[in-house]
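Each reported figure results from applying straightforward, stated rules to the coordinates on display, with no laboratory input. From a predicted model like this one, the values you see are computed outputs, not experimental measurements. FYI the Cβ positions are ideal-geometry reconstructions off the backbone, even for glycines, and counts take in every protein chain you see.
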Amino acid sequence: MTERIAIYPGSFDPPTLGHLDLIERAVNIFDHVIVAVAMNNEKIGLFTVDERMEMLQELVSHVPRVSIEHFRGLTVQFAQEKGAVALIRGLRVVSDFEFELTMAINNHKLAPEIDTVNLMPSEPYLFLSSRLVKEIAAFGGNLSHFVSPAVGERLKAKFVEE
Ligand code: ADP
């Protein structure tokens, strides 16, 4: 049987423990998960794409069958190039739903052979986002519940730099 590959696309600016939770769930369902950092000109991030990829690599070092890549352009085109059968997206609170539904429907129109699988995180991560983490870091708050120690250190360093 051919390998069932899933793409987990996102900004990951920076990756959080909520992202890790989803990756750990996704590898239980698929043979291989490609975490794909979207390079988006409109969204200039706090971290460079290379930094995000390094942080993701460190974060998933204990998880088998995961690779980290980056892409530019349409997620479904990247997924097709990789021969993926699914896109993984998170579904946290109700406010995520409308956006995720719109994306799932439109992506399915563009690539009917690829399905979106929305996974819900464990309860501690339901209200966690990269944006929140950046806000806490900017004010020197405790990040230990939200990101790995390595990501926490990088966040601290960013805000000292600025
Ligand atoms: P994007 O800019 O594409 O939303 P993010 O890095 O913010 O990129 O998120 C990537 C994916 O991870 C999205 O599907 C988002 O719903 C999901 N996600 C982000 N944070 C969490 C979390 N705490 N729990 C579950 N899923 C999450």
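Assuming charge only on the beta carbon of Lys and Arg (+1) and of Asp and Glu (-1), the dipole of segment 47-91 about its Cα centre is about 260 debye to the nearest 20.
With helices as the sole contributors, the chain gives -13500 deg cm²/dmol at 222 nm; each DSSP H run of n ≥ 4 counts as -39500 (n - 2.57), and the sum is divided by every residue.
Taking a ≥ b ≥ c as the square roots of the eigenvalues of the Cα gyration tensor of segment 63-104, is the shape rounded (a/c under 1.5), prolate (a/b larger than b/c) or oblate? Oblate, since a/c reaches 1.5 and b/c is not below a/b.
The slack in the chain from residue 67 to residue 31, taken as 0.36 nm per residue of separation less the alpha-carbon distance, amounts to 11.8 nm. The mean sequence distance of close C-alpha pairs (under 8 Å, at least 6 residues apart), as a share of the length of the chain, puts its relative contact order at 28 percent. Value of Rg to Rh for segment 13-159, rounded to two decimals, is 0.95; Kirkwood radius and Rg both from alpha-carbon coordinates. A straight line joining the Cα centroids of segment 27-90 and segment 108-162 runs 14 Å.
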